[in-house]
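Computed from the coordinates by the stated procedures, all read-outs in this text should not be read as laboratory data. The structure displayed is predicted, hence computed values, not measured ones. Neighbour counts run over all protein chains shown; Cβ positions are idealised from the backbone, glycine included.
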Amino acid sequence: MAQNPHTPTSLQDEIGKRRPFEHLEQEAYLNLMRTMSVLDEEVSKLFKARGLSEATYNALRILRGEQSHGAAAGIPCQLIGERLISRVPDVTRLIDRLEAAGMVKRGRTDQDRRIVLVSITKKGLSVLEQLDKPLMDIHKNQFKHMAAAELTELNRLLTKARHPNS
């Protein structure tokens with residue numbers, strides 16, 4: 001496939017940087033940020049149309065996964081915060097928004113009334129079900145130009161970048 005002469009071949013070209021980056025680490029970081037920004041654009045539109053953010057969607061997915069593994073009573077907010085893809089400073093407010101929208105509910109255990117458990121509602125499950133296929137279609141379209149081996153390597157390298165001592 002011929003390269004479009006107007007298609008940038010590097011981040012430097014894409015952002016119109018006149019001089020090369022001083023450090024490969026800086027270029028790699030900025031490349032990740034730029035890529036995330038581009039990939040997130042379509043996903044954010046999909047979520048926004050349903051009144052969700054990436055973090056609220058992610059919290060619903062965590063709760064659906066826990067429910068399918070037998071945690072019907074719910075899980076603590078702290079556990080949701082630990083599992084979020086992008087950490088948020090106030091998980092309680094995130095859960096407040098989902099609860100106000102009727103997508104989650106809170107409850108307490110008889111064993112320890114201080115622990116608040118969060119579970120997904122039928123409405124929350126329905127919203128996720130409506131998003132599953134459109135979101136997968138977006139992901140498949142975003143990466144259709146990459147071979148399975150390339151995606152596997154990309155995933156390996158991204159994991160390595162997050163865990164430098166592994």
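Scan the stretch 106-129 and tell me whether some residue there is of a type in the set (D, E, K, R) and under 30 Å from ILE15 (Cβ atoms). Within the stretch 106-129 (the criterion being of a type in the set (D, E, K, R) and under 30 Å from ILE15 (Cβ atoms)), the answer is no, since none of the residues qualifies. None of ARG50, ARG93, ARG34 is closer than 18 Å to THR121 by Cβ, of a type in the set (Lys, Arg) and under 23 Å from the mean Cα position of the chain (by Cα) except ARG50. Within the stretch 122-156, the set of residues being over 24 Å from GLU66 (Cβ atoms) and surrounded by 11 or more Cβ atoms within 10 Å (Cβ to Cβ) comprises ASP137, ILE138, GLN142, PHE143, MET146, GLU150, LEU151, THR152, GLU153, LEU154. Can you say whether SER53 is among the hydroxyl-bearing types (Ser, Thr, Tyr) and out of contact with any Phe, Trp or Tyr (no Cβ under 9 Å at 6 or more places or on another chain), as far as the supplied structure shows? Here the answer is no, as SER53 does not meet what is asked. Identification of helices (runs of 4 or more DSSP H) wholly contained in the stretch 23-107 with 2 or more residues that are in contact (Cβ under 8 Å) with a residue 60 or more places away in the chain and either out of contact with any Lys or Arg (no Cβ under 8 Å at 6 or more places or on another chain) or farther than 30 Å from LYS160 by Cβ (or both) yields 24-49, 54-68.
In the stretch 116-164, the residue that is farthest from ALA100 (Cα to Cα) out of those that are of a type in the set (Ser, Thr, Tyr) and without any contact (Cβ under 8 Å) to a residue 12 or more places away in the chain is THR152.
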